[in-house]
Ligand SMILES: [Ca+2]
Ligand SMILES: [Ca+2]
């Protein structure tokens with residue numbers, strides 16, 4: 001009898017604790033499935049309670065647009081994110097008797113979704129309710145803390161001051177990644193070819209390899225690393241526990257080989273390759289410079305920019321001169337100069353009328369050190385490089401993400417990117433830094449504004 005009673009007690013205890021834990025687990029936070037949102041006070045009369053969550057129907061949301069959006073989005077419940085704050089305690093008095101406003105924590109709500117699948121889409125749509133929603137964001141401060149082991153060397157993506165750099169002097173891509181990481185619009189990489197089976201690129205790049213064909217002969221194994229480096233900056237595979245992160249995580253990169261070791265293929269081949277990319281790709285990266293104006297190359301660029309309306313990114317060049325280089329000095333092209341990890345123009349970066357903006361290119365000199373730009377390298381690993389080429393690839397990478405988020409017309413997107421730069425040097429546009437430093441955070445904010 002005693003044994004049976006014990007067993008019954010045990011069974012009931014088990015059931016009791018199971019239920020307890022079941023209920024309790026419901027109250028636990030699951031940041032993967034949560035959106036943090038600040039709703040304008042006039043659109044919500046949330047129950048004044050510190051309970052852990054309300055169903056949508058009890059949340060006091062008065063805007064039918066907001067209510068219907070949430071109602072069709074798989075909402076489990078809504079809760080106060082900081083339940084110990086009330087509407088009353090927005091002004092506090094410190095120990096010296098001074099009054100100050102505290103942040104309006106009482107206005108912040110957590111929306112728990114049944115799944116994290118469409119969380120970015122919902123955030124995007126919440127932001128479109130400009131009256132109702134002040135902000136909406138994932139309850140994950142950064143989605144970029146993934147595993148790529150050499151990310152901490154990528155100061156151009158997250159500058160923490162590594163390599164004697166200046167904290168924050170990066171392209172502000174992490175703000176972009178919370179909203180957009182790429183999409184189906186492809187990127188044309190007109191360069192020296194890419195190591196297509198590089199483990200950090202293999203699923204991202206197709207087209208021409210870095211092997212150099214000579215008149216139909218079997219490919220020679222000539223190691224021209226430039227294209228592989230550009231590809232990694234634009235779109236190395238991200239969060240794969242290997243090498244580095246790319247700026248664009250999704251969009252296919254098409255490789256078009258036009259030169260090796262500084263020697264071009266023929267004028268005609270060059271032109272054909274640019275034309276092919278213009279037909280296929282939404283944005284094109286041409287990180288090279290020539291001292292010569294070639295008519296055919298200009299034809300091809302004009303076709304890309306004026307007929308196909310592609311964004312074509314090129315560079316000022318690396319010899320501290322204002323002598324025009326091409327294709328960067330064709331005025332249909334977005335032309336990029338270089339800054340250091342302290343956000344200052346690098347001394348090698350060409351200047352003059354053609355420059356539109358600057359981006360990280362690293363310090364001069366062929367040295368493997370962290371103040372240069374790390375990227376994928378032939379052989380399967382990484383190497384540091386530097387120059388306006390790297391800076392150009394960053395602009396291409398960022399704009400490719402922006403284009404996939406909202407496919408603005410070419411001149412509209414170019415204007416937005418220029419306007420969102422951080423001005424440096426002389427006020428406004430100047431011949432050394434153009435409109436200033438690439439700023440992904442501001443660019444995506446500009447892009448999110450509703451349009452007609
Ligand atoms: Ca990687
Ligand atoms: Ca300026």
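Every read-out reported here was derived from the displayed coordinates using simple, explicitly stated rules and does not represent laboratory data. Nothing here was measured: the structure is a model prediction, and the numbers come from that model. Because the Cβ atoms are built from the backbone with ideal geometry, glycine has one as well, and the counts that use them run over all protein chains shown.
For the reader, a short list of remarks on this structure follows.
- Percentage relative contact order, the chain, counting C-alpha pairs under 8 Å, at least six apart: 13
- 0 to 90° range, to nearest 10: angle between helix 388-405 axis and the chain longest Cα axis: 50
- Counting all C-alpha pairs of the stretch 129-204, share separated by more than 14 Å (%): 76
- Rg [Å, one decimal], Dmax [Å, integer] - the stretch 325-452, C-alpha atoms: 15.0, 50
- Degrees, to the nearest 10: 410-419 long Cα axis against longest axis of the chain: 70
- Here is the P(r) of the stretch 259-341: all C-alpha pair distances, binned every 5 Å from 0, give 3, 15, 26, 27, 17, 8, 3, 0 in whole percents.
- Ratio of the Cα radius of gyration of the chain to 2.2 N^0.38 Å, where N counts its residues: 1.18
- Length gained on full extension, residue 114 to residue 152, computed as 0.36 nm times the residue gap minus the Cα-Cα distance: 10.3 nm.
- Euclidean distance between Cα centres, the stretch 400-423 to the stretch 351-376, Å: 21
- 4 °C / 1.567 mPa s Stokes-Einstein diffusion coefficient of the stretch 222-293, Kirkwood radius on C-alpha pairs, µm²/s: 94
- Helix-only [θ]222 nm of the chain, DSSP H runs n ≥ 4, -39500 (n - 2.57) each, per residue, nearest 500: -8000 deg cm²/dmol
- Simple label model, 7 Å out from Cα along Cβ direction - residue 134 to residue 406, nm: 2.2
- Available extension along the chain between residue 40 and residue 423 is 134.6 nm, counting 0.36 nm per residue and deducting the alpha carbon span.
- In terms of Cα atoms, the Rg and Dmax of the stretch 29-138 work out to 14.7, 50 Å.
- Approximate spin-label separation residue 331-residue 265, in nm, with each point projected 7 Å along Cα-to-Cβ: 3.2
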